[in-house]
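One structure below.
No lab work stands behind these numbers, since they all come straight from the coordinates. Everything numeric here is computed off the predicted structure, so don't read it as measured data. Reconstructed Cβ throughout: ideal geometry from the backbone, glycine too, with neighbour counts over all protein chains shown.
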Amino acid sequence: MSCAEVLYTAEQHLGVGGGPDKPFVAVKVTVDEEGNASFDAFQVSKQCLEMCSNGALQDSTDEKFCSVNETFTAIVEGKGVEIIDNNFFLVVVAINHFTADYSCSFPKLNRVGSSQSREALMQTLTDKSGLPTFADRIADLELLLFLCEFLDINQEIPAICTSVANRAIPIDEGYQLIIESISGMS
């Protein structure tokens, strides 16, 4: 991470994140030449937060280092220094990968060549391979966000999401009919 990113992360942690004792993670997302995304999660150390809150750290001409304000003295390995390597302030956070037991066929909104439509909704609802219940077939964030365009976000969407999140609560038959109607099934 660059000096500006380290300082920005510290500022956000102290301000929006609720202070140094609250968990706050910055995620750096990059894309390689083949279009594959890579995710790295970081936290800044408590020492970095303390130095930032006191105004001891500032931007540097070399983005790999943070400058120490001239009114402060920073000791690294027993010596006073004017710049500190950014890696000194970073704490790597492990990212646990999640694999779902099922795969929904509803298109992702941010994919090139992929579009969300009523036809795609119908295809997802009629594809019962491995997804036996209606709640299973609509248990997809992209699909639920697509339904927000047609349903009341304050009443209908929360009720549907409650049933999706807790399968012990059945989806009201009326909601199922409305969703099927949106897809053009009925």
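The longest part of the chain holding none of the exposed loop chymotrypsin sites (Phe, Trp or Tyr not before Pro), meaning those outside H, G, I, E and B in DSSP with at most 16 other Cβ atoms within 10 Å, is 1-71. The chain: longest stretch without exposed trypsin sites (Lys or Arg not before Pro) (DSSP loop, at most 16 other Cβ within 10 Å), sites themselves excluded? Result, exposed sites excluded: 1-63. Within the set of other residues whose C-beta is less than 14 Å from the C-beta of residue 30, count the net charge using Lys and Arg as +1 and Asp and Glu as -1. Around residue 30, the surrounding residues sum to -4. Decide, for segment 3-93, between rounded, prolate and oblate: order the square roots of the alpha carbon gyration tensor eigenvalues as a ≥ b ≥ c, take rounded if a/c falls under 1.5, and otherwise choose prolate if a/b is larger than b/c, else oblate. The shape class here is oblate. Helix 3-15 and the longest principal axis of the Cα set of the chain meet at an angle near 70°. Here 114, 129, 60 are placed in order of increasing Cβ neighbour count within 10 Å, fewest first, which gives 129, 114, 60.
Free of any GluC sites (Glu not before Pro) that DSSP assigns to a loop and that have at most 14 other C-beta atoms within 10 Å, the longest stretch within the chain is 83-148. In segment 74-186, the ratio of gyration radius to Kirkwood radius, Rg to Rh, stands at 1.31 when only Cα atoms are counted. Rounded to the nearest 10 degrees, the angle from helix 173-183 to the longest Cα principal axis of the chain is 80 degrees. For the pair residue 117 and residue 33, label points projected 7 Å from Cα toward Cβ lie 3.5 nm apart. Residue pairs exceeding 24 angstrom between C-alpha atoms, taken from 46/79; 22/79; 108/128; 28/108: 22/79. Shape call for segment 118-183 from the C-alpha gyration tensor, a ≥ b ≥ c root eigenvalues: rounded (a/c under 1.5), prolate (a/b greater than b/c) or oblate? Because a/c hits 1.5 or more and a/b fails to exceed b/c, segment 118-183 counts as oblate. Residues whose amide H falls under 5 Å from that of residue 74, counting only those 5 or more places apart or on a different chain, are 81, with hydrogens built in the peptide plane.
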